[in-house]
Amino acid sequence: MYFKILLNIILGYVSIEVEGYFIERFMNLCNKEKIFLWGIKRSHSTKVRVNVGLKDFKRLKPIIKKTKCRVKINKKKGVPFLLHRYQKRKIFFALFLIIILSIILLSNFIWNIEVTGNNRIPKEEILSILQNNNLKIGKCKIGLKTNSIVQQIRLERNDIAWVGIDIKGTNAIVEIVEADLKPEIINEDEFCNIIATKDGIITKITAQNGTPVAKQGDMVTKGSVLIGGWLEGKFTGTRYVHANGEIQARVWYSEKTKIPLKQLEKVPTGKQENKYSVKINNFKINLLKGVSKFEKYDTIETTKKLKLFSNFYLPIEIYKKTFSEYQEKEINYTVEEAKSIGIAQAQQKLEGKVENKELIVDKKIYTKQNENYVEVEVIYEVLENIGTKEKIVF
Amino acid sequence: MPNKNRKVQSKVSRLLDLPQEISTNLPKITIVGFEKMLIENYKAILEYQEHFVRVSTHIGILNISGYNLNLNEMTTDDLLITGTIDGIDFESISEE
């Protein structure tokens, strides 16, 4: 039933008004002729509204004559009539087709490359590798073999552990897992020394294997041997071993900062000026001239790629330059203020340097006062394990 | 003759467990809520008005009263009536 109505919508149907005294007869005759009627509604005592399919409508004529009814077409509905209406709008239709075709065509190219997962390797480097391997913006998606590109990259680079290229719409997502630089692992049966990684004073030294060279309280520099990988016996002579042991030492981290008492500070006035330009595949069109009317300003440049759907990027970028005005303001710090600022800055830097903050033993702050500036030095004393193994090369 | 024929049909149908409305000319009337009514195996529409529909079937006449009655779909053997249905009554043809 619903199927029949759907078919009629596709093939077109008319809603007609039948007027006469023998409408029931008209309907029964239609039934006998197997004419499908639907949506029958009495609108008046002598009038009935009926929907009839286009083909069936032509067959209605003898029945209408027989029952002496009058028929008026109310509405023409369905796909054929809709198309007929758009026949007059040929240009609209043509443009519509062109747009759809161009979307289909453009969706076969890659318009955006996203690189994720890179921390150490800069994005430009990865993009240049990709470009050498035939994956670049504006490349046709068809015939692109991501597998071979992935293999190429993995052959070329040692510092990339895993590469995945996922093409989603016009968006190529390159996922990278960076390989950790692997520490040199020395086999147990090879000979090695233990050397210092940092400067410091040794507080504790325990050698499980090998002869300790440094003593407790010794000042050692980076690279010096702490536990030698040899054993000396009275009868056996010098014998090389795989040195093993733990060395704890006091290590100092220091940070110096200078804080001038007079400083110029930027105070934004809140005035902003935006300038837009459109970039179509490396071709830039400035919509406004690029010089700002402000005397002192910061410029912030942002680009935004246009996209149709979530993953369908277009080769058009909108380039926005924001000029925000600021005024310079002179600030005079007192000595105390400058000191506290300096200490805070230095401490923040040191926190990043020290790996394990629980091992910090002592904090020392030295300040020096000059005419124009205050010098601050912050020193952290940290107890750390400073030994690493190094192969003995004969 | 038709009576005899029907009996034979019903025997076969009983054996095969066919639904009655397919094997015989009996109408099947389905009412969904008070607003939808599907009549299968009907013969003809005798009268159609907004508040009254009279449908003839092979075993009698079916009177439906209500408001805003529409004949939504009409094919050779199905008839879908929508609208608020108030009452239904049957006028069976007494067999001689």
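What follows is calculated from the coordinates using simple rules that are stated; it is not laboratory data. Keep in mind that what you see is a predicted model, and the values were worked out from it rather than measured. FYI the Cβ positions are ideal-geometry reconstructions off the backbone, even for glycines, and counts take in every protein chain you see.
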Item to complete: Over 23 Å between C-alpha atoms is what I'm after, so list which of A:32/A:61; A:4/A:76; A:61/A:90; A:258/A:363; A:32/A:75; A:256/A:363 land there.
Response: A:61/A:90; A:32/A:75
Practice prompt. Filter the trypsin sites (Lys or Arg not before Pro) in region A:185-229 down to the DSSP loop ones having no more than 10 other Cβ atoms within 10 Å, then list what survives.
Written response: A:215
Response to the item:
Nearest-0.05 FRET efficiency for residue A:360 and residue A:185 at R0 = 25 Å, using Cβ-Cβ distance, is 0.25
Worksheet item: Which loop-located GluC sites (Glu not before Pro) does region A:338-381 contain, where loop means any DSSP state but H, G, I, E or B and the Cβ has at most 14 other Cβ atoms within 10 Å?
Response: A:355, A:371
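Do the sum for the protein assembly as shown: with -39,500 (n - 2.57) for every DSSP H run of n ≥ 4, divided by all residues, what is the mean residue ellipticity at 222 nm, to the nearest 500 deg cm²/dmol?
After summing the helix terms and dividing by the residues of the protein assembly as shown, the value is -7000 deg cm²/dmol.
Just the number, please: Stokes-Einstein D of chain A in µm²/s, Kirkwood Rh from C-alpha pairs, 10 °C, 1.306 mPa s.
The diffusion coefficient I find is 50 µm²/s.
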Item to complete: Between residue A:264 and residue B:12, with labels modelled 7 Å along Cα→Cβ, what's the label distance in nm to one decimal, could you check?
Response: 10.8
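State the three equivalent ellipsoid semi-axes of region A:154-198, derived from the C-alpha gyration tensor as the square roots of 5 times its eigenvalues, in descending order and whole Å.
39, 12, 7
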Discussion item. Using a Förster radius of 60 Å, what is the FRET efficiency between residue A:22 and residue A:98 based on their Cβ-Cβ separation? Nearest 0.05, please.
Written reply: 0.65
Practice prompt. Have a look at A:165, A:223, A:259 and report the one farthest towards the positive end of the charge dipole of region A:149-292, computed about the Cα centre with Cβ charges (Lys/Arg +1, Asp/Glu -1).
Written response: A:259
Response to the item:
By Cβ neighbour count within 10 Å, fewest first, A:56, A:189, A:166 rank A:189, A:166, A:56
Discussion item. Please give me, ordered by residue number, the trypsin sites (Lys or Arg not before Pro) of region A:23-105 that lie in loop per DSSP and have at most 15 other Cβ atoms within 10 Å.
Written reply: A:34, A:68, A:88, A:89
Discussion item. Using only the alpha carbons of region A:2-83, what is the convex hull's orientation-averaged projected area in square nanometres?
Written reply: 5.0
Worksheet item: How many nm is it between the label spots at residue A:334 and residue A:197, if each spot is 7 Å from the Cα in line with the beta carbon?
Response: 4.5
